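Chemist: The structure under discussion is supplied below as structure tokens; questions concerning it will follow.
The values are calculated or read from the model by the stated rules, or taken from the named source; none is laboratory data. Quantities reported herein were computed from a predicted structural model and do not represent experimental measurements. We place every Cβ from the backbone using ideal geometry, glycine too, and count neighbours over all the protein chains shown. When the accessible area is computed, the model is the full protein with side chains, heavy atoms only, and any ligands, DNA or RNA have been set aside. Shrake-Rupley method; radii C 1.70, N 1.55, O 1.52, S 1.80 Å.
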Amino acid sequence: MYVVEVVQLLVSPVHRYLGRPSEGPSAAVGEELVRSVEVRRNLGIVGDRYYARPAHRDAAVTLMSAENLPLDIDPQTDLTLTRRNILLRGVDIDAHVGSTVSLDTGAGPVLLAVRRPARPCAWMDAVIGPGAQRALRGKGGVRCTPLSDGVLTVGKAEFAVVEQEPRPS
């Protein structure tokens, strides 16, 4: 277990990147960056666009490492542009696909099964800048299934790998 930082949390009730990137994103509905989120087992983040959606239950929560943001392309890049839910500093979350991780910001641990990479799409070039999609390949974050209920807040957090998938020999 080691200390990381939850830098940002994003909850968006609407999918803003619909249609063609050249048309631009849809307008935000309310404030998307929040100080805390409520995570529900097998459902996702309460109030988020993927909450309780059957097609997204195995990928309802997305995490990204702050160290992988393409700040050289746009220094203002954050979760409002990448559309991930949780921005962490101090852990290479992309290296944990296949693992179960624990994140505790003080209200108790939230367990997340890290299922697969969250691959960047063409929208990244449109909203961050040319080259962003390529810059995020292999480090665009991960899609997770929440395995427990809990609350996460912005600030210091304890991070641990609870279970790691065995690597093939």
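Chemist: Where does each of 103-113, 46-56 land if you order them by average Cβ count within 10 Å, highest first?
Modeler: 103-113, 46-56
Chemist: Accessible area per residue of region 1-160 at 1.4 Å probe, in Å²?
Modeler: Value returned for region 1-160: 46 Å² of accessible area per residue.
Chemist: Additional query: What's the extension gain from Val3 to Gln164 if we count 0.36 nm per residue and subtract their Cα-Cα distance?
Modeler: 56.1 nm
Chemist: Between Ala95 and Ala27, what is the FRET efficiency for a Förster distance of 25 Å, r being their Cβ-Cβ separation, to the nearest 0.05?
Modeler: For R0 = 25 Å, the calculated efficiency reads 0.10.
Chemist: What is the extension gain from Ala107 to Thr153, computed as 0.36 nm multiplied by their sequence separation minus the C-alpha to C-alpha distance, in nm to one decimal?
Modeler: Working: separation 46, 0.36 × 46 = 16.56 nm, distance 0.87 nm.
That works out to 15.7 nm of additional length.
Chemist: Continuing with this model, one more query. Could you sort the peptides 62-69, 3-10 by per-residue average Cβ neighbour count (10 Å cutoff), highest mean leading?
Modeler: Going from most to least packed, we get 62-69, 3-10.
Chemist: Next question. Give the carbon-plus-sulfur fraction of the accessible surface of the chain in %, rounded to a whole number; probe 1.4 Å, heavy atoms of protein chains only.
Modeler: 50 percent
Chemist: Once you wrap a convex hull around the alpha carbon atoms of the chain, what is its projected area averaged over all directions, in nm²?
Modeler: Spelled out: convex hull of the Cα atoms, projected over all directions, averaged, 9.8 nm².
Chemist: Contact order normalised by length for the chain, with contacts defined as Cα pairs under 8 Å and 6 or more residues apart; what percent is it?
Modeler: So the answer I get is 32 percent.
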